[in-house]
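The values are calculated or read from the model by the stated rules, or taken from the named source; none is laboratory data. Treat the numbers as computed from the prediction; the structure is a model and nothing was measured. No Cβ is skipped: glycine too gets one built from the backbone with ideal geometry, and neighbour counts run over all protein chains shown. These area figures cover heavy atoms from the full protein model, side chains too; ligands, DNA and RNA do not enter into them. Shrake-Rupley method; radii C 1.70, N 1.55, O 1.52, S 1.80 Å.
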Amino acid sequence: MENRLRVRRVQCSRSTKLNQGHKSSIPRSVCSEECPPAYREAVIRGKPVCCFECIPCPQGEITNQETDECMKCPDDHWPNDNHDQCIPKLIEFLSFDEPLGLTLSFTAAFLAFIAACILGIFLKYGTTPIVKANNLRLSYLLLFFLILCFLCSFIFIGHPSNLSCMLRQTVFGIVFSISIAIVLAKTILAVLAFKAKLPNSPARKWLGGKTPSFIVSLCSLIQVLICALWLVNAPPFPEPDLISDNGKIILECNEGTHFFYSMLGYMGLLATVSFIVAFLSRNLPGTFNEAKLITFSMLVFVSVWISFIPAYLSTQGKFMVAVEVFAIQCSSAGLLGCIFFPKCYIILFTPEMNNRHNIIGRTHFGTIRKHEDHKIRRS
C-alpha cells in the first residue's frame, strides 16, 4: 500500500512539474481531492494516476483509511452514518414495548374483559328466556372461546421463539374453528327448533344435547388434524430475514405456505357455511330470531378475513403480524357484538321484553296455525 502511494506521488509530481513549465511555484502532488466515505477512487484514462474520480460504493459497503476499495459488510451488519465502519443491524419484531404492540395488547385485554363481563351477565340471568333461547350451553361455550380468541393475540406479540412460532397459528386456527363451529351449531339448532314445533315433524329427534355436540366436535376435529399434521411434518420456526430491509434484521416465524393456507381455507369454509345457513334461516318467525344476528356476525367475520389476505400479503415484518392480530380482534369483536350485545341490551335496559311471549313472538304461533289449517284442508 505504501509503495503504491509513493509511486503515485512521484508520477503526479513529475506530471505536475511538466505542466508547470518554467513557473517557479511549489507543485502539487495530486490533481484530485480524496474521496469521501462510501466512495472509491477510479483512475481516469489518459491522465496521471493521481487524477481520479469518486464512484459510490454499492449499497452495504464501506471504505476506510486502510484501503481505497469498497468493502462489503457482513450479512448481520450495516454501514454507519459515516460509511466508514460496519455496525450490527437493528433487530425488529412486534414488541410489547413499542406503541403498536402496546395498543394491540391493551385492545385484546379490553375485549377479553368485555367478553368475560357478558359471560358473567349470562350466568347471572341464565334462567331468563332470552338467555335460555337457542341452547344455553352453546352460548356459554361460545363466550368462553371468544375470550380465548382475544387472548391468543398475545402469542403473536413479543420475541419469536420455537414455542411461540408453533403455537401462534395452530392455537389461533383451532380456537377460531371451534368458535365458528359453535355458531354453526347454534344456527342449525335454531332451524331444527322451529321445524320441531310443527306437528309430526321429523326434526324433533335431532333436538337434544348430542346434535350440537356432534357438530362442534366434528368441525373442530378436522382443524385439529390439519394443525397436528402441520406440527409433525413442517413445524413453524423463528427465522431472521436479512434481505427485506437493508438496515434491519426482521425476526419472524417461517410458517411455510401449504398448511398455513389449508388452516385458513378450512376456517373460511366453516365461516361460509355458517353464513349461508344463517342467511337462509334469517326469516324464521319470531320477534327475536338469533339467525338474523348470526347472519350479521358472519358477514362481518367473512368481510374481515377477505380483506385480511391482500393486506397480509402486501406487508412485511412486524406490520404483517400486526395485520393478523388486528384481523383476529376485529372478527372476534364482530361475533361478540352482533350476537350478544342485543341480548345484553334487553337484559339490562328493557327487562320487560325478556319474557317467553316476546322471545317466541306471535308470528311463530301464527305460522304453526297456518301449517295445521293447511294440513286439515288437504285431508
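Observations on the structure shown:
- Test result for residue 239, surrounded by 15 or more Cβ atoms within 10 Å (Cβ to Cβ), acidic (Asp, Glu) and either modelled with pLDDT of 80 or more or under 20 Å from the mean Cα position of the chain (by Cα) (or both): no
- Subset of the stretch 136-165 (residues that are open to solvent by 60 Å² or more (accessible area, probe 1.4 Å), within 21 Å of residue 249 (Cα to Cα) and assigned to a helix (DSSP H, G or I)): 162, 163
- Scanning the stretch 77-114 for residues that are assigned to a loop (DSSP other than H, G, I, E, B) and either touching a Leu at 6+ places or on another chain (Cβ under 7 Å) or closer than 30 Å to residue 143 by Cβ (or both) returns 93, 94, 96.
- In the stretch 154-178, the residues that are touching a residue at least 12 places away in the same chain (Cβ under 8 Å) reach residues that are acidic (Asp, Glu) and part of a helix (DSSP H, G or I) with C-beta atoms within less than 7 angstrom, at least six apart or across chains, in these pairs: 156/324.
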